[in-house]
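The values are calculated or read from the model by the stated rules, or taken from the named source; none is laboratory data. From a predicted model like this one, the values you see are computed outputs, not experimental measurements. So basically every Cβ, Gly included, is an ideal-geometry build from the backbone, and we count neighbours across all protein chains shown. When the accessible area is computed, the model is the full protein with side chains, heavy atoms only, and any ligands, DNA or RNA have been set aside. Shrake-Rupley method; radii C 1.70, N 1.55, O 1.52, S 1.80 Å.
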Amino acid sequence: YSSSNPSVLQAQMREIARAGVGEVVSSWWGLGSPEDQRLPAVAAAARAFGLQVAVHIEPYDGRTAQTVGGDIARLRGLGITDFYIYRPADIPAADWATLNAGLTGVRVFAQTNLPGLAAAGKFTGLYTYDVLPRPWHFSGPGTILDGDEPLDGLMLGDLKDGIEGSGVKPGILK
């Protein structure tokens, strides 16, 4: 896959739209990065198929809440209004709170499994990304500890009996 190839971008966005997906999220490593240079083409290709575009802001060198504020202002010029912040805990929650309190017309999500961190930073919400408990990285087929996949039992139980036995079964929201 190459997001610098227009025909590949067009084919990917067509496939994504046909699958019923409404938004694509592009990894972004800061001003001047290859991802930054390719983003206008990614956004144009996505919009040609009716897709929204969001940005996953990675922990680029020199990233602060203040630089992210500048990034958001600049990226809004491409029509982007959803931003996912990877590793927000690298920056004090108070700095995020100052930034997020002053933003309008955008949604900013924190990558964390700690709702208190997202709340303290005044994020719109949170998302998880590779936040499994550390021991689970070593359990399962083909790992150091081998054995059954640790999530299978949890997921199957959630599907059969509802999330954590609540009777509320997971589904897909559109």
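Which condition does S26 not pass, out of (1) assigned to a strand (DSSP E or B); (2) open to solvent by 30 Å² or more (accessible area, probe 1.4 Å), if it passes all the others?
(2)
Of (1) open to solvent by less than 60 Å² (accessible area, probe 1.4 Å); (2) closer than 21 Å to N113 by Cβ, S33 satisfies all except one. Which?
Failing condition for S33: (2).
Residue pairs, Cβ under 6 Å, 6 or more apart or interchain, first in region 58-79 and over 24 Å from Y129 (Cα atoms), second crowded, with 18+ Cβ neighbours inside 10 Å. List them.
Listed by first residue and then by second, the contacts come to L78/A43.
From A101, A41, which residue is under 28 Å from P6 (Cα atoms), surrounded by fewer than 18 Cβ atoms within 10 Å (Cβ to Cβ), of a type in the set (G, A, S) and modelled with pLDDT of 95 or more?
Numbers: A101 fails: under 28 Å from P6 (Cα atoms).
Going through A101, A41 in turn, the sole match is A41.
Would you check which residues across region 87-119 are within 15 Å of H56 (Cβ to Cβ) and either out of contact with any strand residue (DSSP E or B) (no Cβ under 7 Å at 6 or more places or on another chain) or part of a helix (DSSP H, G or I) (or both) and list them? Can you show your working first?
Restricting attention to region 87-119, the residues satisfying the condition of being within 15 Å of H56 (Cβ to Cβ) are 87-88, 90, 106-112.
Within region 87-119, P88, D90 meet the criteria.
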